[in-house]
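Chemist: Okay, here's the structure, questions in a sec.
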Amino acid sequence: MADLDAAVIGSGPNGLAAAIALARAGRSVAVFEAAAEVGGGARSAELTLPGFVDDVCSAVHPMGILSPFFRELPLADHGLVWLRPRASVAHPMPDGRAVMLYRSLERTAAGLDADGSRYARLVRPFLDRPHELLADVMAPLRIPDHPLLMLRFGLRALLPASWLARLCFRRERARALFAGCAAHTVLPLSQPLTAALGLLFAITAHVEDWPVAQGGSRAISSALASYLRSLGGTIETNRRIERLDELPPARAVLFDTSPDQLARIAGDALPAGYRRRLARYRYGPGVFKLDWALDGPIPWQDPDCREASTVHVGGTLEEIAASERDMYRGRHSDHPFLILCQQSEFDGTRAPEGRHTGYAYCHVPHASTVDMANAIEAQVERFAPGFRDRVLARHAMNTAWFERYNPNYVGGAITGGVADALQLFNRPVTRLDPYSTPNPRLFICSAATPPGGGVHGQCGYWAAQSVLKRL
Ligand SMILES: Cc1cc2nc3c(=O)[nH]c(=O)nc-3n(C[C@H](O)[C@H](O)[C@H](O)COP(=O)(O)OP(=O)(O)OC[C@H]3O[C@@H](n4cnc5c(N)ncnc54)[C@H](O)[C@@H]3O)c2cc1C
């Protein structure tokens with residue numbers, strides 16, 4: 001057999017994206033996946049009861065549908081159907097009335113009372129050319145293609161989310177909506193750059209309704225894998241790679257893995273100094289997740305919540321900020337901020353007729369083994385009285401479960417490592433080309449490289465560009 005151009009370790013969205021980018025450039029490529037199924041963080045399974053399809057990790061995909069690379073690919077021809085909700089986010093407030101994030105800027109602003117015009121002023125400048133902005137944001141640090149647009153975004157993005165929310169808005173509703181979007185960073189909202197995700201998520205919601213994949217997030221991975229095979233790429237599952245010499249001869253090896261696995265698998269093929277730098281990589285907090293089989297929809301106090309694929313459960317900006325600060329300091333909040341998804345509201349394939357799935361997780365300290373099930377259900381019950389009576393079965397996952405499931409989730413960290421100002425672009429180490437290593441044959445393409453976590457494949461795409469330059 002002739003040498004491969006590239007071998008990819010891991011078939012997460014980034015591993016598959018890297019392989020596709022290489023195959024599209026005419027290169028021979030083979031992917032080796034430890035698990036029985038492709039997909040990494042984009043897989044689905046019957047976690048609760050037979051007939052219920054749960055998303056094991058990723059559930060809602062604003063970055064997937066808007067990813068500059070995925071948008072180029074014929075994924076619909078390979079079975080991917082995005083199902084759009086009627087709203088991207090619902091954010092129930094303590095008074096029972098939810099704040100809604102709709103595709104329509106006007107409709108969203110109308111729900112923000114006196115802050116509506118301020119919200120529109122913050123977001124509107126980015127809606128003329130959102131795809132240009134996303135292409136610059138979802139890339140490694142470089143001279144942007146649209147410098148003025150990026151400057152405008154960057155000046156706001158650099159702020160702590162709690163500052164931007166308080167500077168821009170006077171009322172609780174808009175502040176809470178912004179805080180909920182920003183809390184996806186898994187950082188205290190008082191940290192610089194946390195406004196970036198708050199603003200970016202708000203912008204994406206006015207470009208596309210945050211969709212779920214029909215049949216489960218695994219449909220994204222199956223479509224990527226099917227397209228890769230159509231280009232001549234091969235995928236071997238049940239093939240955990242422990243050492244480089246287990247791979248067939250290949251001119252380049254791409255690691256869709258955590259930095260610690262890159263160091264371990266590559267061993268002496270990487271200089272000791274570089275491995276020491278990889279060992280200093282910060283993974284950050286983990287998550288505790290519940291999936292439910294429900295005998296009906298979630299009985300939200302505000303029925304509008306049923307329109308959204310994602311519900312941010314946590315109340316006011318102050319409550320969300322306290323929950324995120326606590327977990328970052330190693331404590332477990334009694335009132336954790338929840339990211340809750342209700343895929344079956346928009347996808348009839350997820351549960352038997354009349355039944356529903358529910359999915360929610362909260363952030364917890366690194367490697368925590370504390371059972372957060374009660375605290376999570378109490379938070380849902382607060383905004384959806386009677387919720388617990390609808391639960392037919394529940395499935396819980398703590399940080400140890402996640403790390404066993406996928407060794408990339410070190411300590412239960414789900415987004416590839418801390419994405420603070422020091423590590424967002426300098427991941428996995430500070431290097432002009434972050435995808436390359438001191439060994440010209442070895443590359444890293446996982447979410448531990450820019451632009452970081454999420455099912456968007458952009459880390460893989462950019463890593464492939466680095467490989468193509470070398471090849
Ligand atoms: C609970 C949870 C919820 C999330 N929610 C969302 C969401 O709603 N939307 C969103 O966009 N993102 C979400 N994410 C994040 C997203 O899933 C990840 O950021 C994304 O999957 C990272 O992709 P990746 O390709 O870098 O790595 P991964 O998806 O981690 O894939 C890595 C793959 O490599 C394999 N592998 C690892 N080591 C080896 C080895 N030694 N040999 C062979 N194979 C190996 C693994 O089995 C895995 O299949 C969520 C993640 C979790 C855990």
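Chemist: How long is the chain along each principal axis, judged by its Cα atoms, biggest number first, in Å?
Modeler: Answer, in whole Å and largest first: 65, 52, 43 Å.
Chemist: Further, regarding this structure: Search the structure for amide H atoms under 5 Å from the amide H of ARG251, placed 1.01 Å from N in the peptide plane, and list their residues when 5 or more places away or on another chain.
Modeler: Close amide H contacts, sequence-distant or interchain: LEU4, ASP5, ALA6.
Chemist: If I compute solvent accessible area with a 1.4 Å probe over the protein chains, what percent of it on segment 202-300 is carbon and sulfur? Show your work: numbers first, answer last.
Modeler: Details: 1580 of 3530 Å².
Looking at segment 202-300 in its full context, I get 45 percent from C and S.
Chemist: Let me ask something else. Can you list residues from other chains, or at least 5 along the same chain, whose modelled amide H is less than 5 Å from the amide H of VAL31?
Modeler: Placed amide hydrogens put VAL8, THR234, ILE235, GLU236 under 5 Å from VAL31.
Chemist: Still on this model: Could you calculate the contour length gain from ARG431 to ARG470, that is, 0.36 nm times the residue separation minus the distance between their Cα atoms, to one decimal place in nm?
Modeler: Full extension of this stretch gives 12.5 nm more.
Chemist: Next question, about the same structure. Residue by residue through segment 190-204, what is 3J(HN,Hα) from phi via Karplus (6.51 cos²θ - 1.76 cosθ + 1.60, θ = phi - 60°)? Round to whole Hz and write x for glycine and proline.
Modeler: After applying 6.51 cos²θ - 1.76 cosθ + 1.60, I find 8, 8, x, 6, 6, 5, 4, 6, x, 5, 5, 5, 4, 4, 4 Hz.
Chemist: From the phi angles alone, apply the Karplus equation (6.51, -1.76, 1.60; θ = phi - 60°) to segment 105-122 and give each ³J(HN,Hα) in whole Hz, x where the residue is Gly or Pro.
Modeler: Calculated HN-Hα couplings, in order: 5, 5, 5, 5, 4, 4, x, 9, 6, 5, 8, x, 6, 5, 4, 4, 5, 5 Hz.
Chemist: Moving on to the next point. In Å², and per residue, what accessible area does the chain have when probed at 1.4 Å with the other protein chains present? Display every interim value, and only then the final one.
Modeler: Values: 17350 Å² over 471 residues.
The answer is 37 Å² per residue.
Chemist: Ok, one more. Could you check how much of the accessible area of segment 1-128 is carbon and sulfur, as a whole percent, using a 1.4 Å probe? Write out the running numbers ahead of the final one.
Modeler: Values: 2220 of 4450 Å².
After summing per-atom areas, the C and S share lands at 50 percent.
Chemist: Can you pull the one-decimal nm distance between simple spin-label points at ARG382 and VAL81, each 7 Å off the Cα toward Cβ?
Modeler: The modelled label-to-label distance comes out at 3.8 nm.
Chemist: Between GLU46 and ASP145, how many nm apart are label points set 7 Å from Cα along the C-beta direction?
Modeler: Going from the GLU46 label point to the ASP145 one covers 4.5 nm.
Chemist: Show me the trypsin sites (Lys or Arg not before Pro) within segment 241-322 that DSSP assigns to loop and that have at most 10 other Cβ atoms within 10 Å of their Cβ. Mind dumping the intermediate values first?
Modeler: Numbers: sites: ARG243, ARG251, ARG264, ARG275, ARG276, ARG277, ARG280, ARG282, LYS289, ARG306; in loops: ARG243, ARG280, ARG282.
Of the trypsin sites (Lys or Arg not before Pro), the ones in loops of segment 241-322 whose Cβ has at most 10 other Cβ atoms within 10 Å are ARG280.
Chemist: Can you run phi through the Karplus equation (6.51, -1.76, 1.60; θ = phi - 60°) for segment 296-311 and list ³J(HN,Hα) in whole Hz, with x for Gly and Pro?
Modeler: So the J values, rounded to whole Hz, are x, x, 5, x, 4, 4, 9, x, 4, 4, 5, 7, 9, 6, 10, 10.
Chemist: Right, another one. Kindly state, to the nearest 0.05, the FRET efficiency for ALA110 paired with ARG170, given R0 = 25 Å and r defined as their beta-carbon distance. The partial results should precede the final answer.
Modeler: Values: r = 16 Å, r/R0 = 0.65.
Computed FRET efficiency for ALA110 and ARG170: 0.95.
The values are calculated or read from the model by the stated rules, or taken from the named source; none is laboratory data. Keep in mind that this is a model prediction, so the values were computed, not measured. Don't worry about glycine lacking a Cβ; one is built from the backbone with ideal geometry, like all the others, and counts go over all protein chains shown. Ligands, DNA and RNA are stripped out before the accessible areas are found, and what is left, the full protein with its side chains, is counted by its heavy atoms. Shrake-Rupley method; radii C 1.70, N 1.55, O 1.52, S 1.80 Å.
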